[in-house]
Amino acid sequence: MTRSISPTSMSIILGLVAAVGPFAIDMYLPAMPDIGRDLGASQHEVQWTIVGYFITFGLAQLVYGPWADQAGRKPPLYVGLALFILGTVTCALAPSLGWLVLGRMVQGAGGAANMVVLRAVIRDMATGPAATRMMSTIMIVIAVSPLLAPLSGAGLLAIGSWRLVFWALLGASILSAALIHFAVPETLAEANRQRFDMASTLRGARTLLTNRGFLVMTFLAGFAFASFFVFIAAASFVYIGSFGLTATQFSLAFAVNAVGFFVASQFSATISARVGTLRMIRRATIGFALATFAGFGLALAGLASLPVMMTTLFVGNMFLGVLMPSAQVQALEEHGAIAGLAASLGGTLQMMAAGLLVVLAGPFLDGTAPPMLGAIALCGALVLVLSRLIPRQAARA
């Protein structure tokens, strides 16, 4: 099974497969103002192409997790990619915003397979600091996506319309399917597969939903991710509309935030081994909250210049680079027998939390910096509160 492939090599392969999802999110961000003009939609309406993606992305995880525990890891990956390809073609041909939102929702339903199943694959192969190290290696590959995806999208916009972005995503999804077929082995042995029926699924869900550690880590990662969600939904309008950046300049500014996340994520396994995962998570939440509060406070004081905003976001994302991989791993740590269900339920709850926050913040995101930074600071406050729910005895472990 997995013994012929080193954890590092497997992490790189899984990262390349998983990168299709971030590319689907980030690659078309520079094109959002163009999409609004072309399809006659407002900023708030165009943001539904992001919200719609994450709604189905979250809900579909409930299906892929139990399925992956019953049938193995690869069948759900194949079906997910087929849906992703269908949604991508729909987006590329969309004659109206409604069709584009529909295509994005189908994309999200397909892209959810990667998120759930790949986390379960990691749990099949490793636990503890070793799993954090694998997740961090995957994050290297995924973190390159926010660096390259907007730049790629801006480059495509320079030679064609926003529809070209989705045709490029189609090519990437076909490459991902080839990697899954030829390079990703089945990591769930027949003997470890779970019976898939409603009763056992409900029992597993009840176990997870009554487990304090699972819920705290799930929602902690969920509201941390919500800060990304807010930034993704508003950044292109703030950077391009408010600060007057070009699509290429926006892509470069957007990439700065990914650099902070990328660099810090590489130290999470080392820090975890030295001070303990839970203690590291608590400290990272404090740093993230302080950075977001500083950004919002400066915005309220009228000091939210582009360099100031980018600096506070960069620092906040450094703490997220430590926080998010560790919290996601920790949520599954005690649930190896139902890793697929835990990954899917956790992913759904995270997306629901992030989606709800963005829907509530949406009417206030007016293309200027203060509302965006305020919503991100709210994420920081929620994450900080949740970190206080980690038992102090456990946090010393």
Query raised in the report: Which of rounded, prolate, oblate describes the stretch 269-397, given a ≥ b ≥ c as roots of the alpha-carbon gyration tensor eigenvalues and a/c under 1.5 marking rounded, otherwise prolate only if a/b is larger than b/c?
Result: oblate
Query raised in the report: Between Ala82 and Leu389, 0.36 nm times their residue separation minus their Cα-Cα distance comes to what?
Result: 106.5 nm
Query raised in the report: Of the heavy-atom accessible surface of the chain (probe 1.4 angstrom), what whole percent is carbon and sulfur?
Result: 70
**Report entry** Size-normalised alpha-carbon gyration radius of the stretch 1-109, reference 2.2 N^0.38 Å
**Finding:** 1.24
Query raised in the report: To the nearest 20 debye, what is the magnitude of the charge dipole of the chain about its Cα centre, counting +1 on the Cβ of each Lys and Arg and -1 on the Cβ of each Asp and Glu?
Result: 1080
Report task. Exposed loop trypsin sites (Lys or Arg not before Pro) only (DSSP loop, at most 16 other Cβ atoms within 10 Å): please give the longest stretch of the chain free of them, not including the sites. Result -> 196-387
Query raised in the report: Which listed residue (Ser173, Phe23, Asn317) has the Cα farthest towards the positive end of the charge dipole for the chain, taking +1 on Lys and Arg C-beta and -1 on Asp and Glu C-beta about the Cα centre?
Result: Asn317
Query raised in the report: Distance in nm between label sites at Trp99 and Val275, each 7 Å beyond Cα in the beta-carbon direction?
Result: 5.3
**Report entry** Accessible area in the full protein assembly, largest first, 1.4 Å probe, for Trp48, Trp162, Trp99
**Finding:** Trp99, Trp48, Trp162
Report task. Run the quick spin-label model on Thr248 and Ile12: label points 7 Å from Cα toward the beta carbon, then report their separation in nm to one decimal. Result -> 3.1
Query - Read-out volume of the Cα convex hull per residue in Å³, derived from the coordinates shown; its label in (1) 120; (2) 139; (3) 185 - result: (1)
Query raised in the report: Which distance in nm do the two modelled labels at Val359 and Ala381 give, with both placed 7 Å along the Cα-to-Cβ direction?
Result: 2.1
Report summary line: Mean separation of Cα contacts under 8 Å (at least 6 apart) over the residue count of the chain, i.e. the relative contact order in percent, is 27
**Report entry** Unit charges on C-beta of K, R, D, E only; dipole of the stretch 257-397, Debye
**Finding:** 520
Query raised in the report: How much length, in nm to one decimal, is gained on full extension between Thr207 and Ser161, taken as 0.36 nm per residue of separation minus their Cα-Cα distance?
Result: 11.7 nm
Query raised in the report: Hey, in the GNM for the chain with a 10 angstrom Cα cutoff, which one of Val116, Val385, Val17 fluctuates hardest?
Result: Val385
Report task. Counting only heavy atoms of the protein chains, get the accessible area per residue of the chain (1.4 Å probe) and round it to a whole Å² value. Result -> 38
Requested in this report: Of the options Gly108, Leu156, Ala224, report the single residue whose Cα projects farthest towards the positive end of the charge dipole of the chain (beta-carbon charges: Lys, Arg +1; Asp, Glu -1).
Outcome: Ala224
Report task. Mind putting a number on the dipole of the stretch 1-120 about its Cα centre? Charges go on the C-beta only, +1 for Lys and Arg and -1 for Asp and Glu, and I need it in Debye to the nearest 20. Result -> 440
Query raised in the report: GNM, the chain, Cα, under 10 Å: largest mean-square fluctuation among Leu77, Leu298, Leu62?
Result: Leu298
Requested in this report: Subtracting the Cα-Cα distance from 0.36 nm times the residue separation, let me have the gained length for Glu186 to Met198 in nm, one decimal.
Outcome: 1.9 nm
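The values are calculated or read from the model by the stated rules, or taken from the named source; none is laboratory data. On a predicted model such as this, the values are computed, not experimentally measured, just so you know. Backbone-built Cβ (ideal geometry, glycine too); neighbour counts: all protein chains shown. Note: accessible area is taken over every heavy atom of the protein model, side chains too, but ligands, DNA and RNA are not part of it. Shrake-Rupley method; radii C 1.70, N 1.55, O 1.52, S 1.80 Å.
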